[in-house]
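I have placed the structure first, in the form of structure tokens, so that the comments after it can refer back to it.
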Amino acid sequence: MRIAVSATAPSLDSAVDPRFGRCAYFIIVDTETTKYEVMPNPSQSAAHGAGIQSAQMLANKDVKVVLTGNVGPNAYSSLSAAGIQIITGATGTVRETIERYKIGELSEAESPTVRGHSGLNRGL
């Protein structure tokens, strides 16, 4: 299964980015092979629709689960419509977050965790 983690830098040892749509990178991990791919987020500086664009990009990459700090309403709707499970509240490094997910310590978000456009505030 392919999972994506929002990240602040292009490494498994980087911090989880608390923002989904405007995160710096997505690290996509295949949980069966442990291979991973680092993708700079082209929507990071988008004027509008960053969460929607990020969700579409991950759906096109066959991602089944997203691990992130927070997700806004538009991204939540787009990810849900694509059948992607949304896990919020992720903290620590990407590597730690993936391990916490694998052992069942993280739970699925039932709704957006922030208001729309909150990712524009770098002070999260």
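The values are calculated or read from the model by the stated rules, or taken from the named source; none is laboratory data. Given the structure is predicted, the values throughout are model-derived calculations rather than measurements. Quick reminder, even Gly has a Cβ in these numbers, built from the backbone with ideal geometry, and neighbours come from all protein chains shown.
Could you tell me which of the residues 82, 47 is surrounded by fewer than 16 Cβ atoms within 10 Å (Cβ to Cβ), among the hydrophobic types (A, V, I, L, M, F, W, C) and without any contact (Cβ under 8 Å) to a residue 24 or more places away in the chain?
Exactly one residue qualifies, and that residue is 47.
(1) surrounded by 16 or more Cβ atoms within 10 Å (Cβ to Cβ); (2) modelled with pLDDT under 95; (3) farther than 17 Å from residue 25 by Cβ: which one isn't true of residue 108, the others all being true?
(1)
Scan region 68-97 for residues that are touching a Phe, Trp or Tyr at 6+ places or on another chain (Cβ under 6 Å) and at pLDDT 95 or above and report the count.
1
For (1) touching a residue at least 40 places away in the same chain (Cβ under 8 Å); (2) surrounded by fewer than 23 Cβ atoms within 10 Å (Cβ to Cβ); (3) more than 21 Å from residue 114 (Cβ to Cβ), each residue gets a yes or a no:
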site: 1; (1), (2), (3): yes, yes, yes
site: 9; (1), (2), (3): no, yes, yes
site: 20; (1), (2), (3): yes, no, no
site: 25; (1), (2), (3): no, yes, no
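Of everything in region 51-61, what is touching a residue at least 40 places away in the same chain (Cβ under 8 Å) and either farther than 10 Å from residue 82 by Cβ or hydroxyl-bearing (Ser, Thr, Tyr) (or both)? Give them in sequence order.
51, 61
Restricting region 1-44 to residues that are touching a strand residue (DSSP E or B) at 6+ places or on another chain (Cβ under 8 Å) and among the acidic types (Asp, Glu), which is farthest from residue 58 (Cα to Cα)?
Checked region 1-44; the qualifying residue farthest from residue 58 (Cα to Cα) is 13.
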